[in-house]
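One structure below.
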There are 2 protein chains.
Amino acid sequence: MNVVIVRYGEIGTKSRQTRRWFENILMNNIREALVSEGIEFKKVEAKHGRILVRTNRAKEAVDVLTRVFGIVSLSPAMEVEANLEKINKTALKLFRRKKRELGLERPRFRVTARRITKEFPLKSPEIQAKVGEYILENEESEVDLHNYDIEVGVELMEGKVYVFVDKVKAWGGLPIGTQGKVVALLSGGIDSPVAAFLMMKRGVEVIPVHIYMGEKTLEKVRKIWNQLKKYHYGGKAELIVVKPKERKRIIEKLKELGKEKYTCVFCKFMMVRHADKIAKDFGAKGIVMGDSLGQVASQTLENMYIVSQASDLPIYRPLIGMDKEEIVSIAKRIGTFELSTLPEDEIPFIPRHPIIRGSWEEFRKLYRAVFGEEPRKREC
Amino acid sequence: MNVVIVRYGEIGTKSRQTRRWFENILMNNIREALVSEGIEFKKVEAKHGRILVRTNRAKEAVDVLTRVFGIVSLSPAMEVEANLEKINKTALKLFRRKKRELGLERPRFRVTARRITKEFPLKSPEIQAKVGEYILENEESEVDLHNYDIEVGVELMEGKVYVFVDKVKAWGGLPIGTQGKVVALLSGGIDSPVAAFLMMKRGVEVIPVHIYMGEKTLEKVRKIWNQLKKYHYGGKAELIVVKPKERKRIIEKLKELGKEKYTCVFCKFMMVRHADKIAKDFGAKGIVMGDSLGQVASQTLENMYIVSQASDLPIYRPLIGMDKEEIVSIAKRIGTFELSTLPEDEIPFIPRHPIIRGSWEEFRKLYRAVFGEEPRKREC
């Protein structure tokens, strides 16, 4: 194989000009992915609604590029001169390779041809017929247009032909960098990395922020972010760790007031407050959190209301409608689940009975008692 | 069949007291579902971590109850006295029925027995062996613990046995009414019903609000809400339709200022403003919207920032991390897709080039020009 055909979805549906812009960002992300994974390539170019990556390490390149968002599917392919003899010989070679790989005596197959540019004399159905016959003559096999073991793809473009027998599905979504930036709060749990991942999938560059709890948890969050970075080509951000100076003061004051049950809501409020500041420093337009409604007793609409008041930025919660098992299955697919189950630091100040439906008015009083000012700091 | 076994997931993991509360809400939702669909039943009761619905229309009941959130799986079952002879005869009867249904000559099967209460003399493995033998003696079949066509379930509880051969998967989630209320904005498009559905799935009662565009669209939204109601047992809300008096004024002013490109952002802002007021009237704690990042050019972080300023309530966007095809596939499963593609009223005032990355400062100016006051109305 000497080339990878990259197919992208949603981008194609946008205006010509937007499309160029998308293609350029996608091509840059592809180059960045290949470079970071040390896979040499000669060229990445956009042609007639697909992207071609010229490399002799097509299979490895495909593995890496399944992690680049905006890509719908990939095919490692052979590019040769577009004449019938070359097409036949190449198709047969790839067919044989695939047949061996599948270990099938008499595979059912079909040939699917497309002329992306029309200079080739034969029409697609004629090409399909010719290549099909040639394979039938030379290999034990049968044609089956519906239940086939092997599909031989033949795409003709600008005097060249691209022949392939594999079509690998990728994540889809949009290229990172096309949708701006958000801050992602990473706690070390199972949910927050999945939330960050889903925003990245929609083309957002993520600025990962961790509020320090201890060395063990930090170590774990670093591992999680290193895993997420494999999906973040095109993004630049490095993990930002915040050591909250105000924590001691909050815990002591809540204790003094006998309101320890508000500790968790207060902690989350301050996390968002820190995320808000960082977002504004970096020009990020939102905050991502891993909240899923009712997953723990204290993950209620009331508590999320309070936490949301810490920032005027929208808080994005892509997991809000998901069950735990759905979240876990994504976490396993993207490789963060095992990392999220690594040991964490004990948190000494978690109350026995966290408030389940916190009151904003009561929270305001507590906030004023701790900081001597209003919790909301917005120009109105 | 004379009973339906209802299995629920997440609830089971909660504290004993919370669990009671959940079970009661789930049982009420089950009763409401059966009554609204006209399926008679004798009794709905919670027993040892499962719910039993006594009805002679078990199969129909199962179809309905797959739409009740909080339920993980359902089995139409036969309840008989717990003695080995009865168990064998019942198991054989159901096995034969299933065998006919599947049209298999020699089905592979396994028996799975559980003693939920322990008074029955035989242990589970012994029961499995006995029932298995009995079926083998009386029906052409073979035992296969791993690749089976039929699984015969036998659950023993309080002197009774429950025998079943079907286990129907349901949506999971949490029972509606356990997580409070949110306002759902329904536009008539494909996305907003899916967003509302996903919040409902997590146990939220939804208050559906439509901002009037015309009779055709309203008709369509009524149909969509009637479909969503089939998943909303336990919720009471009816569709609320708002006819926005301010629209004319906004459009004229934007035209006068040559800022038509802000029309859509302005419209969405006002939708949220209306939703905010209704939420506060009804004690709802959030607003659900169908936004998916970058799906249309104007669905940007910048525009969502502006729209979010219309309310201090959290705006939940369960679709924010999804691709269009994922959203469409859910819409098809829940039966709203076809309805969303019904004809709508033309919207005359949609600008040719809607603003893609709106500026909050510019929006504020425009808002002041239209209404003579600040867009944010929060106590700070």
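The values are calculated or read from the model by the stated rules, or taken from the named source; none is laboratory data. Quick caveat, the model's predicted, so the values are computed rather than measured. Positions of Cβ are generated from backbone atoms using ideal geometry, with glycine treated the same way; all protein chains shown enter the neighbour counts. What goes into the accessible areas is simple: the full protein's heavy atoms, side chains included, and nothing from ligands, DNA or RNA. Shrake-Rupley method; radii C 1.70, N 1.55, O 1.52, S 1.80 Å.
3J(HN,Hα) along the range A:104-109, derived from phi through the Karplus expression 6.51 cos²θ - 1.76 cosθ + 1.60 where θ = phi - 60°, amounts to 9, 5, 9, x, 7, 9 Hz, with x in place of Gly and Pro.
Using the Karplus relation 6.51 cos²θ - 1.76 cosθ + 1.60 with θ = phi - 60°, the per-residue 3J(HN,Hα) values for the range B:173-185 come to x, 10, x, 4, x, 8, 10, x, 10, 9, 8, 10, 7 Hz, with x marking Gly and Pro. Taking amide H positions as modeled 1.01 Å from N, with prolines and chain starts lacking one, the residues under 5 Å from A:G177 and 5 or more places away or on another chain are A:V204, A:E205. In sequence order, the range A:122-131 has phi-based couplings of 7, 7, 3, x, 5, 4, 4, 4, 4, 4 Hz under the Karplus curve 6.51 cos²θ - 1.76 cosθ + 1.60, θ = phi - 60°, and Gly or Pro positions carry x.
Going from the isolated chain to the complete set of protein chains, the range B:305-329 loses at least 50 Å² of heavy-atom accessible area (1.4 Å probe) at B:Y305, B:D312, B:P314, B:Y316, B:I320, B:G321, B:D323.
Electrostatic tally near A:V206: other residues with Cβ closer than 10 Å to its Cβ, Lys and Arg +1, Asp and Glu -1, net +1.
To the nearest ten degrees, helix A:84-102 and the longest principal axis of the Cα atoms of chain A are 50 degrees apart. Using Cα atoms only, what is the angle between the long axis of helix B:16-36 and the major principal axis of chain B, expressed in degrees (0 to 90) to the nearest 10? That helix lies at roughly 90 degrees to the long axis. So which GluC sites (Glu not before Pro) in the range B:64-141 end up in coil per DSSP with only 15 or fewer other C-beta atoms within 10 Å? The qualifying sites are B:E105, B:E119, B:E139, B:E140.
Distances between placed amide hydrogens fall under 5 Å for B:D149 paired with B:R108, B:F109, all partners being 5 or more residues away or on another chain. Tell me whether the range B:1-118 comes out rounded, prolate or oblate; compute the Cα gyration tensor, take square roots of the eigenvalues as a ≥ b ≥ c, and use a/c under 1.5 as the rounded threshold. Since a/c reaches 1.5 and a/b is larger than b/c, the shape of the range B:1-118 is classed as prolate. Only counting protein heavy atoms at a 1.4 Å probe, give the residues of the range B:141-180, ordered by number, whose accessible area falls by 50 Å² or more when the other protein chains are present relative to the chain alone. Buried by 50 Å² or more upon assembly, which counts only protein chains, are B:Q179.
Taking label positions 7 Å along the Cα-Cβ direction at both B:S36 and B:E81, the computed distance is 4.1 nm, reported to one decimal.
Keeping the other protein chains in place, figure out the carbon and sulfur percent of the accessible area of the protein assembly as shown, with a 1.4 Å probe. Carbon with sulfur: 52 percent of the solvent-accessible area. For the residues A:L254, A:L52, A:L174, a GNM of chain A with alpha-carbon springs under 10 Å puts the largest fluctuation on A:L254. Distance from a point 7 Å along Cα→Cβ of B:K230 to each backbone N in the range B:35-64: keep the residues under 13 Å and list them by number. B:37, B:63-64, by backbone N distance to the label point. Taking max minus min of the alpha-carbon positions on each principal axis, the range B:121-220 gives extents of 68, 31, 21 Å, largest first. How would chain A be classified by its alpha-carbon gyration tensor: rounded, prolate or oblate, with rounded meaning a/c under 1.5 and the a/b versus b/c comparison settling the rest? Prolate, since a/c reaches 1.5 and a/b exceeds b/c.
Taking a threshold of 32 Å on the Cα-Cα distance, which of the pairs A:K285/B:K255; A:K220/B:K280; B:K47/B:K223; A:K236/B:K324; A:K220/A:K261 fall above it? Exceeds cut-off: A:K220/B:K280; B:K47/B:K223. Buried accessible surface for the B/A chain pair comes to about 3900 Å², total over both chains, computed with a 1.4 Å probe. The residues of the range B:82-167 present an accessible area of 55 Å² per residue when probed at 1.4 Å with all protein chains retained.
Note on B:D291: accessible area is roughly 10 Å² with a 1.4 Å probe, heavy atoms of protein only. Assuming R0 = 22 Å, can you tell me the calculated FRET efficiency for the pair A:D149 and A:E126, based on Cβ-Cβ distance, to the nearest 0.05? So the FRET efficiency works out to roughly 0.40. With the helix formula -39500 (n - 2.57) applied to DSSP H stretches of n ≥ 4, the protein assembly as shown reaches a computed 222 nm mean residue ellipticity of -12500 deg cm²/dmol. DSSP bridge analysis restricted to chain B gives an antiparallel fraction near 55%, rounded to the nearest 5.
Helix B:324-334 and the longest principal axis of the Cα set of chain B meet at an angle near 50°. Between B:L102 and A:T18, the simple spin-label model (points 7 angstrom out along Cα→Cβ) gives 5.0 nm.
Stokes-Einstein, applied to the Kirkwood radius of the range B:181-371 over Cα pairs at a viscosity of 0.890 mPa s and 25 °C, places its translational diffusion at 145 µm² s⁻¹. Could you name every residue in the range A:193-226 that has 20 Å² or more less accessible surface in the full protein assembly than in its own chain alone (probe 1.4 Å, ligands and nucleic acids excluded)? Correct list: A:M199, A:K201, A:R202.
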